[in-house]
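Trainee: I am attaching a structure below and will ask some questions about it afterwards.
The values are calculated or read from the model by the stated rules, or taken from the named source; none is laboratory data. All values derive from a computational prediction rather than experimental measurement. Note that we place each Cβ from the backbone using ideal geometry, even for glycine, and neighbour counts take in every protein chain shown.
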Amino acid sequence: MPAGAFWPAEDYHQDFYVKNPVRYKFYRTGCGRDARLKQLWGAHRIDSSRRYASVEIVNDPRLEVTPESANQPPPLVGYNAWSGDLILVEAVKREGGGWISERASRMGDLVGSERMQTLAMQANRYAPS
């Protein structure tokens, strides 16, 4: 979709937090941003006196990343990209494209194969020469 017209903000919107600190603090409190950051970053201290929330990192062994607790998902292999996307399958059927299901399932197996994932990783890692 093409972008619509862009209208620059008026000057009074710029640096609102400096020009209207009381109203800005009211906005910051009312929008729930700081409460949400505190909920997400509970072990960190949120400095809400600044324009953008900054955090002071707390040394907490529970927050250390180890190979056992890394937040990386397992390799995405051995799945069918077609049948695993039920919303896509149902949308295609609803729109009269059910005839493609068998071919799409074969393609889904190929896309979700370990070989294809390896090729995709290599394509993202190495630029064409």
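Trainee: Output the residues belonging to region 82-112 that are under 24 Å from the mean Cα position of the chain (by Cα) and either in a loop (DSSP other than H, G, I, E, B) or β-branched (Val, Ile, Thr) (or both).
Mentor: Trp82, Ser83, Gly84, Asp85, Ile87, Val89, Val111, Gly112
Table: residues versus (1) assigned by TED's automatic domain parsing to the domain that holds Ser113; (2) modelled with pLDDT of 65 or more; (3) not charged (D, E, K, R).
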{"site": "Arg28", "(1), (2), (3)": "no, yes, no"}
{"site": "Cys31", "(1), (2), (3)": "no, yes, yes"}
{"site": "Arg62", "(1), (2), (3)": "no, no, no"}
{"site": "Glu68", "(1), (2), (3)": "no, no, no"}
{"site": "Gln72", "(1), (2), (3)": "no, no, yes"}
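Trainee: Do you know which residues across region 101-129 are within 19 Å of Glu90 (Cα to Cα) and either surrounded by 13 or more Cβ atoms within 10 Å (Cβ to Cβ) or hydroxyl-bearing (Ser, Thr, Tyr) (or both)?
Mentor: Result: Ser101, Ala104, Ser105, Met107, Gly108, Asp109.
Trainee: Take Glu90 and decide whether it is surrounded by 10 or more Cβ atoms within 10 Å (Cβ to Cβ) and at pLDDT 85 or above.
Mentor: For Glu90, the condition - surrounded by 10 or more Cβ atoms within 10 Å (Cβ to Cβ) and at pLDDT 85 or above - is met.
Trainee: Asn80 - would you say it is in contact with a Gly (Cβ under 9 Å, 6 or more places away or on another chain) and at pLDDT 60 or above?
Mentor: In short, yes.
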